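The values are calculated or read from the model by the stated rules, or taken from the named source; none is laboratory data. Note that this is a predicted model, so its numbers are computed, not measured. Cβ atoms come from the backbone with ideal geometry, glycine included; neighbour counts cover every protein chain shown. When the accessible area is computed, the model is the full protein with side chains, heavy atoms only, and any ligands, DNA or RNA have been set aside. Shrake-Rupley method; radii C 1.70, N 1.55, O 1.52, S 1.80 Å.
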Amino acid sequence: GQLNYMVNDWIDRTDRGGGDIYAQSDKNAEDIGSNQFPAGGMALMDYFNRQFNSDFTVSVKKAFGQDFSASLLLGHNYFTLNQNNRFMQGNSFLAPDFYDISNVASFLSSETKVRKKTMAFYGDLDLSYKRALYLTITGRSEESSTVPLKNNTFFYPSASLGWVFSEMESLKNSDILS
């Protein structure tokens, strides 16, 4: 869901959150004499996934006269993931027509658990001069639970400068550029 709140005509805030939870259990069996598994076999799989994501942002947009405008976005993100997976594969049924893992001569199994949390603070500053010259500066500082605690924070900066040359007075009414 999402909630938006206009503080005034140039400041607004947004709270956004969502989640995804699902589980799945599968059982597949091939009887004795099947083409793929002549001695028979089966697989059992259980999956469980739960993830949540939330963002909180504040956005400021302001014009300074006719020539200058600026916008600033500041935000916070939180993400969490929990997964549990189990897999069993049994080979060579001991008795026909009894599809149970206890009826196999040998089996392999595995179990995995995934836990991940991230938290980030980010910002985006856009400056404009006469709708022709643009400067954008962004940054994101993110902390992750999946790397060693000593080095678990990352910073991602960026900057760009753009010029829309068709906004120059001498080219605004050009038949060639639009």
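Lysine pairs in the chain with Cα distance under 19 Å, only those 8 or more apart or on different chains: how many are there? The result is 5. Shown are ILE137, ILE21, whose ranking by accessible area with a 1.4 Å probe and every protein chain present, most to least, is ILE21, ILE137. May I ask you to work out the translational diffusion coefficient for the stretch 69-122 at 4 °C, viscosity 1.567 mPa s, via Stokes-Einstein with Rh from the Kirkwood sum over Cα pairs, reported in whole µm²/s? Here the translational diffusion coefficient equals 83 µm²/s. The phi-based Karplus calculation (6.51 cos²θ - 1.76 cosθ + 1.60; θ = phi - 60°) puts the 3J(HN,Hα) values of the stretch 74-90 at 10, x, 9, 10, 9, 9, 9, 9, 10, 10, 10, 10, 10, 9, 9, 10, x Hz, whole numbers, x for Gly and Pro. For the stretch 23-82, list log₁₀ I(q)/I(0) at each q in 0.18 Å⁻¹, using the Debye formula over Cα point scatterers of equal strength and ignoring solvent, two decimals each. At q = 0.18 Å⁻¹ the computed log10 ratios are -0.81. In the full protein context, the stretch 76-177 carries 71 Å² of accessible surface per residue, based on a 1.4 Å probe and ignoring ligands, DNA and RNA.
Surface composition of the stretch 1-108: carbon plus sulfur atoms contribute 56% of the solvent-accessible area (1.4 Å probe, protein chains only, all chains present). Shape analysis of the stretch 1-47 yields a ratio of the Cα radius of gyration to the Kirkwood radius, Rg/Rh, of 1.66. Here the chain was treated as a single set of alpha-carbon atoms; its pair distances binned every 10 Å from 0 give 8, 19, 18, 16, 13, 11, 8, 5, 1 percent.
Counting only Cβ charges, +1 for Lys and Arg and -1 for Asp and Glu, the dipole size of the chain around its Cα centre is about 620 debye.
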